[in-house]
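Chemist: Here's a structure for you.
Rule-based calculations on the coordinates, nothing more; no lab input. Bear in mind that the values here come from a model prediction, so they are computed numbers and not experimental data. A quick note on method: Cβ atoms are made from the backbone with ideal geometry, for glycine too, and the neighbour counts reach across all protein chains shown.
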Amino acid sequence: MTNDSLAGATRAAHDWGLASWLGGAMFGKFALNPAVRLISDQADRGRVTNAAWNGYNVINGLSLAAVAVGWGAARLTESRPDRLTDREEALAKLKDGFTLAAVVTGVATGAQGGRLAQQAPQGAVPIESGTKPAPETPKPAASIQRTIGFLGNANIASGVGLVIVNALLAQAAHSRPPVRRALLRRAR
């Protein structure tokens, strides 16, 4: 039997992590990265972008860890396969995949961001925008920046997938009373 307080705490941590990581990633992608074009000096664009993302890395890391630990704890307890209907288990497997993709792309994006910032003193790599190299961007930095763009898109997609699967799992749990739900669980 799972302790309800502990399950609630890990679920809250998971949901907080998902909100802060995905919200931060989407803000960066759709607001910060394009807005740096307002800075006239391309090296200053790089300095500001790298400083902002590097400043959020701790929150992103803690958030992704909360998502992974929260879901991992649920999979070991109330979301074990023997406690789920066939539909819920299929959704849980999707969530497993999205969680893994989120962690891998999040860590890889952060690592690439760190590499990009090291390409120039104080992260002042000349850039067009947060994910688009400028013609003056050195080739190694431009390659890293393009990789960050790809990984960032995959990271956001995995987060959106997690939100959708969470909603579907929550709806499945709310659409059945506890007794009926217990009767519908597969026997293993």
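Chemist: For segment 1-57, run through the trypsin sites (Lys or Arg not before Pro) and keep only the ones in DSSP coil with at most 13 other Cβ atoms within 10 Å of their Cβ.
Modeler: Numbers: sites: R11, K29, R37, R45, R47; in loops: none.
Loop-located and lightly packed - none at all.
Chemist: Could you list F30, F150, F98 in order of exposure, starting from the residue whose Cβ has the fewest other Cβ atoms within 10 Å?
Modeler: Details: F30 11, F150 14, F98 22.
Listed from fewest to most nearby Cβ atoms, that is F30, F150, F98.
Chemist: At A7 and L100, where each label point lies 7 Å from the Cα along Cα→Cβ, what is the point-to-point distance in nanometres?
Modeler: In this crude label model, A7 to L100 measures out at 2.5 nm.
Chemist: Okay, next question. Lys/Arg Cβ at +1, Asp/Glu Cβ at -1, dipole of the chain taken about the Cα centre: which of L64, P81, M26 is farthest positive-ward?
Modeler: About the Cα centre, the residue reaching furthest to the positive side is P81.
Chemist: Then there is this: Can you give me the Cα centroid spacing of segment 77-154 and segment 1-30 in angstrom?
Modeler: Measuring centre to centre over Cα atoms gives 18 Å.
Chemist: In degrees, nearest 10, range 0 to 90: what is the angle between the Cα axis of helix 139-174 and the longest Cα principal axis of the chain?
Modeler: Approximately 20 degrees, to the nearest 10.
Chemist: Sticking with this one: What's the extension gain from A111 to D82 if we count 0.36 nm per residue and subtract their Cα-Cα distance?
Modeler: The A111-D82 span can extend by a further 6.7 nm.
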